[in-house]
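The values are calculated or read from the model by the stated rules, or taken from the named source; none is laboratory data. Being a predicted model, the structure only gives us computed values, none of them experimental. When we count neighbours, we look across all protein chains shown, and the Cβ atoms used for this are built from the backbone with ideal geometry, even at glycine.
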Amino acid sequence: MDFEDIIKRAYQSVENLENKGQLASYIPELARVDPTKFGVHISTLKGYHYGFGDFAEKFSIQSIAKVLSLALAYERLGGEIWSRVGVEPSGTGYNSLVQLENDNGIPRNPFINAGALVICDILITLLDNPKEELLGYINNVCSLKNIQYSPKIAASEKSVGYRNMSLCYFIKSFGNIENDPDEVLDFYFDLCSLEGSCQDLSELFLFLANGGKSVFTGEQIVATIKAKRINSIMQTCGFYDESGQFAFKVGLPGKSGVGGGIIALLPQDYVIAVWSPKLNEKGNSYKGMKFLEAFTTLSEVSIF
């Protein structure tokens, strides 16, 4: 498949669209990002790499990082993790408190904010130095080792993170947060502050396209069945309450972040990462979603 030609055609078809989205201005640092940025990078299991546009520029990956925290927690804890967090689409916004009341403090899935907070709590229990060990785990997976926390973005999120604070303390009231909520929130804000480029991300997530095995070291990062299940959760829950639309229009497992990034993968083939900071009304990259729809339409390949 001529990925270079397909990416260029998809990029050009989207580049000049009216960018109707909005920056994630509720996080002060994200409100300062250049809204015209637009980049894409693909990495394949056969060693092909290609980027276009602003693919080498770092950005805040935000909720894309929740896939990585889940992978580490799932690998360490195993199936017990699903007694603490579900695997169903939420049907509500990523920071909604509504379902927690009815579900007795069990978040619907690990990619909404409530679910990611529970995953952070699990890692704090399992790891001696959660922040350092998670960062080491992430950079062990990719060859470039460029992923880092952003203290500036983490501080910015903490300054306005009242809804996440409410979520964490509310879950604590049901007994599904074991550690100090302030410690969990501190870890969560750092998790969401991770920065990387489209190139970084397309390489980083190759292990999930490769049955859980690193293409760089041969190490089994997560068991094959766990990689399959993580991919299935990305397919059904990776785009909040727009996950059904993404499955319908794009047809790949993926995950978005309010920094404007999206990763998507075709098992046994490739990972593609796209970044455009303006978000649609569901909190997903406006141009990123349009690009990936064009990409799979032109390639005529998806998981379906």
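If G91 satisfies every condition in (1) of a type in the set (G, A, S); (2) under 19 Å from the mean Cα position of the chain (by Cα); (3) surrounded by fewer than 16 Cβ atoms within 10 Å (Cβ to Cβ); (4) at negative phi but one, which is the exception? Only one criterion is unmet by G91, namely (4).
Would you please name the residue that is surrounded by the most Cβ atoms within 10 Å (Cβ to Cβ), looking only at residues in the range 214-227 that are free of Cβ contacts under 8 Å to residues at least 12 places away in the same chain and either within 24 Å of V274 (Cβ to Cβ) or not small (G, A, S) (or both)?
It comes out as Q220.
Listed residues D186, D200; which is part of a helix (DSSP H, G or I), among the acidic types (D, E) and crowded, with 18+ Cβ neighbours inside 10 Å?
Within the list D186, D200, the selection yields D200.
For the range 239-262, does any single residue satisfy the condition of being crowded, with 21+ Cβ neighbours inside 10 Å, touching a Pro at 6+ places or on another chain (Cβ under 8 Å) and farther than 19 Å from G91 by Cα? Among the residues of the range 239-262, at least one is crowded, with 21+ Cβ neighbours inside 10 Å, touching a Pro at 6+ places or on another chain (Cβ under 8 Å) and farther than 19 Å from G91 by Cα, which makes the answer yes. Cβ contacts < 8 Å: first residue among the acidic types (D, E), restricted to the range 77-88; second residue crowded, with 17+ Cβ neighbours inside 10 Å and assigned to a loop (DSSP other than H, G, I, E, B), any location; separation 6+ or different chain. Result? Here the result reads E88/R108; E88/N109, each pair linking the range 77-88 to a residue that is crowded, with 17+ Cβ neighbours inside 10 Å and assigned to a loop (DSSP other than H, G, I, E, B). Exactly one of (1) surrounded by fewer than 23 Cβ atoms within 10 Å (Cβ to Cβ); (2) part of a helix (DSSP H, G or I) is unmet by I171. Its number? With (1) surrounded by fewer than 23 Cβ atoms within 10 Å (Cβ to Cβ); (2) part of a helix (DSSP H, G or I) applied to I171, the lone miss is (1). Would the range 147-160 turn up any residue that is in a loop (DSSP other than H, G, I, E, B) and among the charged types (D, E, K, R)? No: zero hits. Count of the range 95-111 residues, restricted to those that are farther than 23 Å from L135 by Cβ and crowded, with 24+ Cβ neighbours inside 10 Å, is 1.
Helices (runs of 4 or more DSSP H) wholly in the range 217-304 with at least 3 residues that are under 21 Å from F207 (Cβ atoms) - which ones?
On the way: elements: 224-237, 243-249, 286-299.
Result: 224-237.
Looking at (1) under 21 Å from Y11 (Cβ atoms); (2) surrounded by 18 or more Cβ atoms within 10 Å (Cβ to Cβ), which is the one condition that is false for L298? Among (1) under 21 Å from Y11 (Cβ atoms); (2) surrounded by 18 or more Cβ atoms within 10 Å (Cβ to Cβ), the lone unmet condition for L298 is (2).
Yes/no per residue for (1) under 23 Å from F239 (Cβ atoms); (2) among the aliphatic types (A, V, I, L, M); (3) modelled with pLDDT of 95 or more:
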residue	(1), (2), (3)
W82	yes, no, yes
L117	yes, yes, yes
D121	no, no, yes
I124	no, yes, yes
L127	no, yes, yes
